[in-house]
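The values are calculated or read from the model by the stated rules, or taken from the named source; none is laboratory data. Treat the numbers as computed from the prediction; the structure is a model and nothing was measured. Neighbour counts run over all protein chains shown; Cβ positions are idealised from the backbone, glycine included.
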């Protein structure tokens, strides 16, 4: 459904990877993060806070702490766009397939698809009563999962399906300050219901509702490198042994955690009128998240090393409406036209508390806790209430001109209008590290007056705080955009088709709205656009037993939205802004081979060269923090590939046997895109290969199966994220579940 209609993948002139939900489940995966090991051009960035995690396709993605910035990759579930990236990383419940559309998809899927789309389609009810119950247990750190579904036809034209799940995982990191309690685990549970009604052969109505809760003590960052000591003290005395990506201990007095609640309802009506089909999809979703974070990574506050604790509850809701008209595919001119509207509201109340002390005994061989004799302690704190409202209205159309049975021309256009409103108010009880002064409309207005009078931004920022009036700062921006697509497709033979396309991608405007917002950071972040060229060939060979698809591409991004050096209050800092120009180019291969009925090979390979072309120099002309041209982008490994095989031995009796193997490899990649070569080197994740093995017994009619798994069979250690900013200029590592070998067993019973 990459082009908003159901059609054969091999006939779609788009680079698409399709993964079945059963394939992800068979590999032990539970969310989109798991898909990165099956799709070579997809990468995932874990973060110290769950809602700030990011997806990357072909080396392009968006990482930001701003509540008024959106991702470059859109996630769509059953036709409903998930406006918040955090919600998209939730559990994959009863998934039929995942379609990964690579490259800009602005024509049919709209804004925030400048790098691609993750299109998720869930399973539909069966015509007959039935279902399944599945349970799994994984060793090493006590992980277990239970899920099940039941199909209940109510009559000849109403069918229902209900799915439920529960999962628990202790975690892979041991916190010494919490008495050896494990971290980076989870507790998830939820339910999903689907009703499909076909009152007439021409009308189908689908109603979907879901509810999910998550309690994660994720994502704890371990300190993987020794801290640099100073005369203020030696933080290594409070840190567990630092052994890079083999570190599995931390020592933090606050457990980094996330609490999530999400639920929603969507309705889809498909009505066939003659040869045309009218489709309406409407949805309303709630997504609430609270992030709790230890930002100092130590068990208490020390002289020279302040304690920093954050608590940021967030609420959001999204309304979407889509209406489209679809013609038959096999006619001289086939088309899809439609309109789309969405409104996404988000608000966060963010609390930051520090513990700061001076005095006491300090040296390079000591570490003095606050509260010790001779120390003076203060507890600065602050609370910020901020939010955003995104409104989007678009009209789109795409058509295919079938000039002959072999030659087709493709064209499409989308008109988008965006409006983004933001607000922000911060109140502080005491100035201190990590705690800026008050910020509201009064501070903003006074700052502008002072700057207009010739006062320097640094002085104006400090002086304007006295004008605080308690009224939230508000601003907005609007933008319109034309995006589109054009291309040609030609069937060399019935089994092979070639295509070449040009696509224009678009990502809407943004603001840098976060806890530490000041008057100097209130500028509009202009929209990001992309010009992408792609050519490919899709082959179906050996009577369908072999599929080989190859694509090459080049894409140029303008006004790339990213963290970049900028001037705030006269000081060069790094913040979310229009960083400049980037480009990505490469080639991809997807292949599927089924030499015999019960033996399947599936794999892919990607070469990606994603780099900076020209980052912008800050307005003060200081280019110290500007990332050099030619630098590779973060989370863009040059080489990445995957290969899996599955074989079923049919005995002719009641029990069959299965074996499977799945391997993935990626070359080294930068984790922190920084101007400093030393920091880029220190935060580079080494290349690694993972191998998973499975074996099982399956009842001949597939009513029962028992599968044994070995994950990461060769115990390959790696980090999913490495960033600077640990105590004493140390480096912080996030270690994923997959970075250690573990074993599991899954049993499934169908009825």
Kindly evaluate residue 382 against the criterion of being part of a strand (DSSP E or B), more than 30 Å from residue 514 (Cα to Cα) and within 38 Å of the chain's Cα centre (by Cα). no
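I'd like the full set of residues that are assigned to a loop (DSSP other than H, G, I, E, B) and touching a residue at least 60 places away in the same chain (Cβ under 8 Å), limited to the stretch 577-636. I'd like the intermediate steps shown before the answer.
Filtering the stretch 577-636 for residues assigned to a loop (DSSP other than H, G, I, E, B) gives 597-598, 616-631, 633-636.
Result: 625, 626, 627, 633, 634, 635, 636.
Name the one entry in 87, 99, 11, 70 that is surrounded by fewer than 21 Cβ atoms within 10 Å (Cβ to Cβ), out of contact with any helix residue (DSSP H, G or I) (no Cβ under 7 Å at 6 or more places or on another chain) and under 25 Å from residue 392 (Cβ atoms).
Working: 87 fails: surrounded by fewer than 21 Cβ atoms within 10 Å (Cβ to Cβ); 11 fails: under 25 Å from residue 392 (Cβ atoms); 70 fails: surrounded by fewer than 21 Cβ atoms within 10 Å (Cβ to Cβ).
When all the criteria are applied, what remains is 99.
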Qualifying positions in the stretch 213-233 - touching a helix residue (DSSP H, G or I) at 6+ places or on another chain (Cβ under 8 Å), farther than 30 Å from residue 315 by Cβ and surrounded by 19 or more Cβ atoms within 10 Å (Cβ to Cβ): 223, 224, 225, 227
Across the stretch 256-290, which residue is nearest to the chain's Cα centre (by Cα) among those that are in contact (Cβ under 8 Å) with a residue 40 or more places away in the chain and assigned to a loop (DSSP other than H, G, I, E, B)? 256
Outside any strand (DSSP E or B) and touching a helix residue (DSSP H, G or I) at 6+ places or on another chain (Cβ under 6 Å): does that describe residue 718? yes
Name the single residue, out of those in the stretch 432-455 being surrounded by fewer than 17 Cβ atoms within 10 Å (Cβ to Cβ), in contact with a helix residue (DSSP H, G or I) (Cβ under 9 Å, 6 or more places away or on another chain) and farther than 17 Å from residue 523 by Cα, that is modelled with the lowest pLDDT. 455
Step by step: first the residues of the stretch 378-398, then only those that are at pLDDT 95 or above and surrounded by fewer than 20 Cβ atoms within 10 Å (Cβ to Cβ), then the one that is nearest to residue 486 (Cα to Cα). Which residue is that? 397
Mind checking which residues of the stretch 687-708 are in contact (Cβ under 8 Å) with a residue 40 or more places away in the chain and not in a strand (DSSP E or B)? 687, 700, 702, 703
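Return yes when residue 279 is closer than 30 Å to residue 328 by Cα and either touching a helix residue (DSSP H, G or I) at 6+ places or on another chain (Cβ under 9 Å) or surrounded by fewer than 18 Cβ atoms within 10 Å (Cβ to Cβ) (or both) and no when it is not. Don't jump to the end; show me each part of the working.
On the way: closer than 30 Å to residue 328 by Cα: yes; either touching a helix residue (DSSP H, G or I) at 6+ places or on another chain (Cβ under 9 Å) or surrounded by fewer than 18 Cβ atoms within 10 Å (Cβ to Cβ) (or both): no.
Against the criterion (closer than 30 Å to residue 328 by Cα and either touching a helix residue (DSSP H, G or I) at 6+ places or on another chain (Cβ under 9 Å) or surrounded by fewer than 18 Cβ atoms within 10 Å (Cβ to Cβ) (or both)), residue 279 does not qualify.
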Name the residues in the stretch 121-152 that are within 21 Å of residue 207 (Cβ to Cβ), touching a residue at least 40 places away in the same chain (Cβ under 8 Å) and part of a loop (DSSP other than H, G, I, E, B), would you? 123, 124, 125
Kindly indicate which of 324, 293 is over 30 Å from residue 235 (Cα atoms) and in contact (Cβ under 8 Å) with a residue 12 or more places away in the chain. 324
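Quick check on residue 516: is it at negative phi and modelled with pLDDT under 90?
Values: at negative phi: yes; modelled with pLDDT under 90: yes.
In short, yes.
From the list 377, 362, exactly one residue is in a loop (DSSP other than H, G, I, E, B), in contact (Cβ under 8 Å) with a residue 40 or more places away in the chain and more than 30 Å from the chain's Cα centre (by Cα). Which is it? Steps first, answer last, please.
Values: 377 fails: in a loop (DSSP other than H, G, I, E, B).
After applying the criteria, what remains is 362.
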Hey, residue 505 hits all of (1) more than 30 Å from residue 440 (Cβ to Cβ); (2) at pLDDT 95 or above; (3) surrounded by 20 or more Cβ atoms within 10 Å (Cβ to Cβ) but one; which does it fall short on? (2)
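Is it the case, given these coordinates, that residue 68 is touching a strand residue (DSSP E or B) at 6+ places or on another chain (Cβ under 8 Å) and in a loop (DSSP other than H, G, I, E, B)?
Details: touching a strand residue (DSSP E or B) at 6+ places or on another chain (Cβ under 8 Å): yes; in a loop (DSSP other than H, G, I, E, B): yes.
It is true that residue 68 is touching a strand residue (DSSP E or B) at 6+ places or on another chain (Cβ under 8 Å) and in a loop (DSSP other than H, G, I, E, B).
Here's a check for you: in the stretch 721-735, which residue that is in a loop (DSSP other than H, G, I, E, B) and out of contact with any helix residue (DSSP H, G or I) (no Cβ under 8 Å at 6 or more places or on another chain) is surrounded by the fewest Cβ atoms within 10 Å (Cβ to Cβ)?
Of the residues in the stretch 721-735, the ones in a loop (DSSP other than H, G, I, E, B) are 725-726, 730, 735.
Checking the rest, the ones that are also out of contact with any helix residue (DSSP H, G or I) (no Cβ under 8 Å at 6 or more places or on another chain) come to 725-726.
Values: 725: 13, 726: 24.
Among those that are in a loop (DSSP other than H, G, I, E, B) and out of contact with any helix residue (DSSP H, G or I) (no Cβ under 8 Å at 6 or more places or on another chain), it is 725.
Name the one entry in 101, 38 that is part of a loop (DSSP other than H, G, I, E, B) and either at negative phi or at pLDDT below 90 (or both). Before the answer, list the steps.
Details: 101 fails: part of a loop (DSSP other than H, G, I, E, B).
Step by step, each of 101, 38 is checked, and only 38 is part of a loop (DSSP other than H, G, I, E, B) and either at negative phi or at pLDDT below 90 (or both).
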